[in-house]
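In what follows, a structure is listed as structure tokens, so that the remarks can point back to it.
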Amino acid sequence: MVESPADSSVEEESADPAPEPGPPGPLDFACVLSNLQRASGLTLRALSKKSSLSPSFLSRAMNGERFPSWEATAAL
């Protein structure tokens, strides 16, 4: 019986070890902001009115395109 490549052992594949996790970055912060906004049940427009930040800025901050200042973060 001839062994085909599909029958070869899975052990032949070597996976690179996972990289060490570093400190949280801007995208991690954006993910947290987005999750908090969704958990609040507020739309971006409602959150915009409560925080005095534009819906556009909020959207960009929650997508990681902008990094809010401490003042903007506190307003959220």
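Structure notes:
- Stretchable slack from LYS49 to ASN35, in nm (0.36 nm times residue separation minus alpha-carbon distance): 3.2 nm
- The solvent-accessible area of THR43, taken with every protein chain present and a 1.4 Å probe, is close to 80 Å².
The values are calculated or read from the model by the stated rules, or taken from the named source; none is laboratory data. The shown structure was predicted, so the numbers you read here are calculated from the model rather than taken from an experiment. Just so you know, the surface numbers come from the protein's heavy atoms only, side chains and all, with ligands and any DNA or RNA stripped out. Shrake-Rupley method; radii C 1.70, N 1.55, O 1.52, S 1.80 Å.
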